[in-house]
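See structure below.
The values are calculated or read from the model by the stated rules, or taken from the named source; none is laboratory data. It should be emphasised that the depicted structure is a prediction, and the values quoted were computed from it without experimental measurement. Here the Cβ positions follow ideal geometry from the backbone for every residue, glycine too, while neighbour counts run over all protein chains shown.
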Amino acid sequence: MRRDLTILIVEDLENDAVLLQMALKRAGIKDHVKVVDDGEEAIAYLHAKGKYRDRAKFPFPDVLFTDLKMPRMSGFEVLEWLRSHRECSIIPIIVMSASRLEEDVRKAYELGANAYLAKPGRLEELQNIIKVAFEFWALCEKPAPLVQS
Amino acid sequence: MRRDLTILIAEDSENDALLLQMALKRAGIKERVYVVADGVEAIAYLRGEGKYKDRSKFPFPNVLFTDLKMPRMSGFEVLQWLRSNPECFIIPIIVLSASQLDDDIRKAYQLSANAYLVKPGKFEDLQKILKLAFEFWDKCEKPTPPVPHC
């Protein structure tokens, strides 16, 4: 991925969002990082609704990290929404969840997640995972966005 | 990915298949590698048909690398088949193609490829990509295949 990407993090727990941002920074990933705290905010962001209308301030993301269990609207619902709004397609969509439940993992992939990472307990491991994830996705081809909602 | 994985490569070019196998080996990936030459063979393998009936000799794969442009049946058709046969799901499915066309990339993801890599020109780069792919997918959660599957 180019070094001017926009990363959208969908994470309801403030501590986890902070850790993820720290891990990104320590992994040398200096891209724009935007954080929203649940699925509804994520969809508002993707749809450029309300405060997210200004695409200069809130550019359409190139990468999405999403938690699953969130208030108001879950990560699964975000995935479902993205699936029915192809014009807002993002590659990659990486689920980042504390859940290792088989049914959650399966459902995420079925709903179109490209990958699923379990949140590690230690910052160092998180940093390592993030670094590998970015290096890999930097090499992958991704389609040009259709219409950036 | 666990160290007892099975990798299926769908690749019609004999040279490319050989390079891929060599690159996997040099990247330290010691899993079992099976190569089929087109989409028809890939599906026969996945369905355990014909010579692929013996699962002790041809185990169901955990990883699929597929080219796109292949005779008889393309990589897109393999993806479509996998999508309509969810009992045969594989994660990850990685397209490895010479094509950089946006249409091909988009279509592959829409047909549920997990990732899309362009075949690099240099062997060293191919090795690097494969090593990174395995490193990343090793860290990912993947659901266990449904029993029975394919």
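Per the conditions (1) within 9 Å of chain B (Cβ to nearest Cβ); (2) in contact (Cβ under 8 Å) with a residue 12 or more places away in the chain; (3) of a type outside the set (Phe, Trp, Tyr), the sole criterion not satisfied by A:Ala144 is (2).
Restricting the range A:140-149 to residues that are modelled with pLDDT under 90 and either farther than 11 Å from A:Ile90 by Cα or in contact with a helix residue (DSSP H, G or I) (Cβ under 6 Å, 6 or more places away or on another chain) (or both), the residue that is surrounded by the fewest Cβ atoms within 10 Å (Cβ to Cβ) is A:Ala144.
Out of curiosity, is B:Tyr109 within 16 Å of the chain's Cα centre (by Cα) and over 19 Å from A:Arg106 (Cα atoms)? Here the answer is no, as B:Tyr109 does not meet what is asked. Checked against the criterion of being away from chain A (no Cβ under 12 Å), without any contact (Cβ under 8 Å) to a residue 12 or more places away in the chain and closer than 21 Å to A:Arg106 by Cβ, the range B:84-104 contains one or more residues that satisfy it.
Considering only residues in the range B:1-54 that are of a type in the set (S, T, N, Q) and not in a loop (DSSP other than H, G, I, E, B), the one that is nearest to B:Leu130 (Cα to Cα) turns out to be B:Gln21. Residue check: A:Arg55 meets all listed conditions (1) assigned to a loop (DSSP other than H, G, I, E, B); (2) facing another protein chain (nearest Cβ under 10 Å) but one, namely (2). Within the range A:105-126, being more than 7 Å from chain B (Cβ to nearest Cβ), surrounded by 21 or more Cβ atoms within 10 Å (Cβ to Cβ) and assigned to a helix (DSSP H, G or I) holds for A:Ala108, A:Leu126. Every test in (1) in contact with a strand residue (DSSP E or B) (Cβ under 7 Å, 6 or more places away or on another chain); (2) facing another protein chain (nearest Cβ under 9 Å); (3) outside any helix (DSSP H, G or I) is passed by A:Ile90 save one, and that test is (2). Can you confirm whether A:Met96 is within 14 Å of the chain's Cα centre (by Cα), surrounded by 15 or more Cβ atoms within 10 Å (Cβ to Cβ) and in a loop (DSSP other than H, G, I, E, B)? For A:Met96, the condition - within 14 Å of the chain's Cα centre (by Cα), surrounded by 15 or more Cβ atoms within 10 Å (Cβ to Cβ) and in a loop (DSSP other than H, G, I, E, B) - is not met.
Against the list (1) in a loop (DSSP other than H, G, I, E, B); (2) more than 18 Å from A:Pro145 (Cβ to Cβ), the condition A:Ala48 fails is (2).
Among all residues of the range B:108-116, there is at least one that is facing chain A (nearest Cβ under 9 Å), crowded, with 20+ Cβ neighbours inside 10 Å, assigned to a helix (DSSP H, G or I) and not hydroxyl-bearing (Ser, Thr, Tyr). Considering the range A:67-87, the residues that are within 14 Å of chain B (Cβ to nearest Cβ) and not in a loop (DSSP other than H, G, I, E, B) include one that is farthest from B:Trp137 (Cα to Cα), namely A:Glu87. Scanning the range A:127-141 for residues that are within 23 Å of B:Leu96 (Cβ to Cβ), among the aliphatic types (A, V, I, L, M) and facing another protein chain (nearest Cβ under 7 Å) yields A:Val132, A:Ala133, A:Leu139.
Scanning the range B:67-88 for residues that are assigned to a loop (DSSP other than H, G, I, E, B) and crowded, with 21+ Cβ neighbours inside 10 Å yields B:Asp67, B:Leu68, B:Met70. Residues of the range B:92-112 that are out of contact with any helix residue (DSSP H, G or I) (no Cβ under 6 Å at 6 or more places or on another chain) and within 16 Å of B:Leu46 (Cα to Cα): B:Ile93, B:Ile94. State which residue is nearest to the other protein chains (Cβ to nearest Cβ) when the search covers only the range B:117-138 and only residues that are buried (at least 18 other Cβ atoms within 10 Å of the Cβ) and closer than 19 Å to A:Ala108 by Cα. Ranking the qualifying residues of the range B:117-138, first place goes to B:Phe136.
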